[in-house]
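What follows is a set of notes on a single structure, which appears directly below.
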Amino acid sequence: MSGPSAPSVPPVPSYGPYRRDCPWCGSRRLRARLRGDGPRQGAPHRSPVERCADCRHVFRNPPLPPGTEHPVVRAGVRVRHGLAARAMFRHCPEPESWLDVGTGDADFPLTARAHFPYTSFDGLDPTHRVLRARAVERVEEAFVGWLTDHHIAVRLRERYDVVSLFQYLERVADPRAELRGALRVLRPGGHLLVDVADPRRLFPVHAVGLNAELVAQGCTVLTGARAHRVIARKDASASAA
Ligand SMILES: [Zn+2]
């Protein structure tokens with residue numbers, strides 16, 4: 001278990017730096033997709049959505065701080081969590097081990113347990129909230145850090161039957177590296193769940209670029225090309241390098 005003695009992780013900034021390049025492909029051709037309200041008093045959780053003109057990756061710029069969503073948004077997230085768990089159940093009904101990445105207070109494992117009562121859920125998060133989640137037994141093991149951290153990659157290598165990422169790739173500085181990290185901790189034949197839907201918006205954000213990257217990394221994508229909830233299987237021959 002990764003306790004407070006784990007390698008120290010810098011605190012997540014309350015409001016990340018604005019970036020001028022696409023976190024997915026590095027292009028600087030960014031277009032405002034939605035006007036956010038901007039950081040203002042009482043609504044620190046708002047930030048504008050931008051879209052890359054080259055790869056069509058959509059992300060919040062500057063990135064959102066974790067765990068500051070409005071209660072209504074959190075309720076919507078719980079519904080999405082339940083739907084995602086059911087979707088995964090159809091592909092993988094009896095996973096033994098599951099890592100939820102960017103788990104925060106482990107809201108997803110709490111919901112998913114209803115569908116997977118015999119599955120061992122672990123959580124990874126850049127903040128110490130995951131340690132609190134372990135203390136209240138929402139996860140069995142808690143890890144503080146990022147998938148790209150060396151100690152995480154080594155320790156969790158090919159360990160999990162399922163790895164889930166909810167609204168995670170949109171928040172991180174290098175989503176491709178984090179995605180490859182997710183595949184490293186997945187055992188061959190294991191399933192990856194990536195939900196890129198923005199719960200604050202009614203229309204889905206499509207996982208453009210994600211499916212192609214998954215195929216390039218040796219996965220079989222089991223969901224449609226325009227799905228906002230992507231389920232993929234890591235092929236047995238896929239390299240974990
Ligand atoms: Zn791009």
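No value in this document is a laboratory result; all are computed from the given coordinates. Since this is a predicted model, take the numbers as computed values, not measurements. Here Cβ is always computed from backbone atoms with ideal geometry, including for glycine, and neighbour counts include all displayed protein chains.
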- Query: Which order results if 31, 60 are arranged by neighbouring Cβ count within 10 Å, fewest first?
  - Reply: 31, 60
- Message: Out of the chymotrypsin sites (Phe, Trp or Tyr not before Pro) in segment 78-137, which ones are loop residues according to DSSP with at most 13 other C-beta atoms within 10 Å?
- Response: 118
- Item | Sorted by Cβ density within 10 Å, fewest first, the residues 143, 166 | 166, 143
- Query: Roughly how many whole Å is it from the C-alpha centroid of segment 170-185 to that of segment 139-161?
  - Reply: 12 Å
- Extreme residue, positive dipole direction of segment 71-234, given options 165, 98, 182 (C-beta unit charges): 165
- Exposure proxy order (Cβ contacts within 10 Å, fewest to most) of 156, 99: 156, 99
- Message: For a test of the definition: using alpha carbon positions, the gyration tensor, and the 1.5 limit on a/c, classify segment 71-234 as rounded, prolate or oblate.
- Response: rounded
